[in-house]
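K.L.:
Just dropping this structure here.
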Amino acid sequence: GAGVSQSPSNKVTEKGKDVELRCDPISGHTALYWYRQSLGQGLEFLIYFQGNSAPDKSGLPSDRFSAERTGGSVSTLTIQRTQQEDSAVYLCASSLGRNNEQFFGPGTRLTVL
Amino acid sequence: AQSVTQLDSQVPVFEEAPVELRCNYSSSVSVYLFWYVQYPNQGLQLLLKYLSGSTLVKGINGFEAEFNKSQTSFHLRKPSVHISDTAEYFCAVIFETGSARQLTFGSGTQLTVLP
């Protein structure tokens, strides 16, 4: 597609439920990143994919968070047993390579009640 | 630890006045530098980037920034701002260590242009 797309744009869930967030990167971009933007923590790195593998998961805040990427394209970020502190905007970005400009999607706003 | 500092959380400025948004980073490794802008309820848009070459880089909407390696800075400037420049601006750095090359962001500067 022309840009990075993310779905859903908004997600409201109850504490303890699982959620899945989807990212469609720009076609041909091999690198994919997930970030989180919250009032208290600013913009934080979560995970990076090169192709389908994730060599760096150091930013995932807990083992409730996981992500996968299939076909070198679509990525899904899963949060299990959501907590109120998971409320944030989750941003996906893609780039041609590791040191190139990252193009951001519009984000998914997650609210955990 | 590698970090990015934007000292000014809010910068009010009158329309047509010049503005400088400051960014410093803490690392001696090679870096790639970026400025992103975020308008209300929108995603991040790249303003400009420094990867190599000339230390003065020009971006969209009349913005420019200068990479100063000795001062580990990458300040953003615009000679004359418009009301439409009101937004949050983020400085971001890729530190050339590790495998991820993720962006490390500053805490952001809210630029408010006053009529």
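K.L.:
For residue A:36, are the conditions met, namely being open to solvent by less than 60 Å² (accessible area, probe 1.4 Å) and under 26 Å from residue B:91 (Cβ atoms)?
P.N.:
yes
K.L.:
Any idea how many residues of region A:70-109 are within 14 Å of another protein chain (Cβ to nearest Cβ), under 14 Å from the mean Cα position of the chain (by Cα) and among the charged types (D, E, K, R)?
P.N.:
1
K.L.:
Given the options B:70, B:27, B:52, name the one that is touching a Phe, Trp or Tyr at 6+ places or on another chain (Cβ under 9 Å) and free of Cβ contacts under 8 Å to residues at least 12 places away in the same chain.
P.N.:
Every option except B:52 fails the conditions.
K.L.:
Next question, about the same structure. Which of the residues spanning region A:28-47 are touching a Ser or Thr at 6+ places or on another chain (Cβ under 8 Å), in contact (Cβ under 8 Å) with a residue 40 or more places away in the chain and at the interface with chain B (Cβ under 9 Å from one of its Cβ atoms)?
P.N.:
Listed by number, the residues that qualify are A:31, A:33.
K.L.:
So for region A:57-71 (the condition being farther than 26 Å from residue B:40 by Cα and among the acidic types (Asp, Glu)), does at least one residue qualify?
P.N.:
yes
K.L.:
Something else about it: Looking only at region B:67-115, which residues are of a type in the set (D, E, K, R) and either touching a Pro at 6+ places or on another chain (Cβ under 8 Å) or modelled with pLDDT under 95 (or both)?
P.N.:
Passing the criteria: B:69, B:77, B:78, B:96, B:101.
K.L.:
Working only within region A:59-79, note down all residues that are under 19 Å from residue B:102 (Cα atoms) and of a type in the set (Ser, Thr, Tyr).
P.N.:
If the condition is that a residue be under 19 Å from residue B:102 (Cα atoms) and of a type in the set (Ser, Thr, Tyr), then A:62, A:66, A:73, A:75, A:76 are the ones that fit.
K.L.:
Continuing with this model, one more query. Consider region B:63-115. How many of its residues are within 11 Å of the chain's Cα centre (by Cα) and more than 11 Å from chain A (Cβ to nearest Cβ)?
P.N.:
Number of matching residues: 13.
K.L.:
If residue A:12 satisfies all but one of (1) surrounded by 15 or more Cβ atoms within 10 Å (Cβ to Cβ); (2) more than 14 Å from chain B (Cβ to nearest Cβ); (3) outside any loop (DSSP other than H, G, I, E, B), what's the number of the condition it fails?
P.N.:
All conditions pass for residue A:12, except number (1).
K.L.:
List the strands (runs of 3 or more DSSP E) that sit entirely inside region A:57-113 and contain at least 2 residues that are open to solvent by 20 Å² or more (accessible area, probe 1.4 Å).
P.N.:
The qualifying strands (runs of 3 or more DSSP E) are A:65-69, A:75-79, A:108-112.
K.L.:
Which is surrounded by 14 or more Cβ atoms within 10 Å (Cβ to Cβ) and not polar (S, T, N, Q), of B:29, B:57?
P.N.:
So the residue among B:29, B:57 that is surrounded by 14 or more Cβ atoms within 10 Å (Cβ to Cβ) and not polar (S, T, N, Q) is B:57.
K.L.:
Sticking with this one: Of all residues in region A:39-54 being farther than 13 Å from residue A:93 by Cα and among the polar types (S, T, N, Q), which is surrounded by the fewest Cβ atoms within 10 Å (Cβ to Cβ)?
P.N.:
So the residue we want is A:53.
The values are calculated or read from the model by the stated rules, or taken from the named source; none is laboratory data. Keep in mind the model is a prediction, meaning the values are calculated, not measured. Using ideal geometry, Cβ is built from the backbone for each residue, glycine included, and neighbour counts are taken over all protein chains shown. Keep in mind that these areas ignore ligands, DNA and RNA; they rest on the heavy atoms of the full protein, side chains included. Shrake-Rupley method; radii C 1.70, N 1.55, O 1.52, S 1.80 Å.
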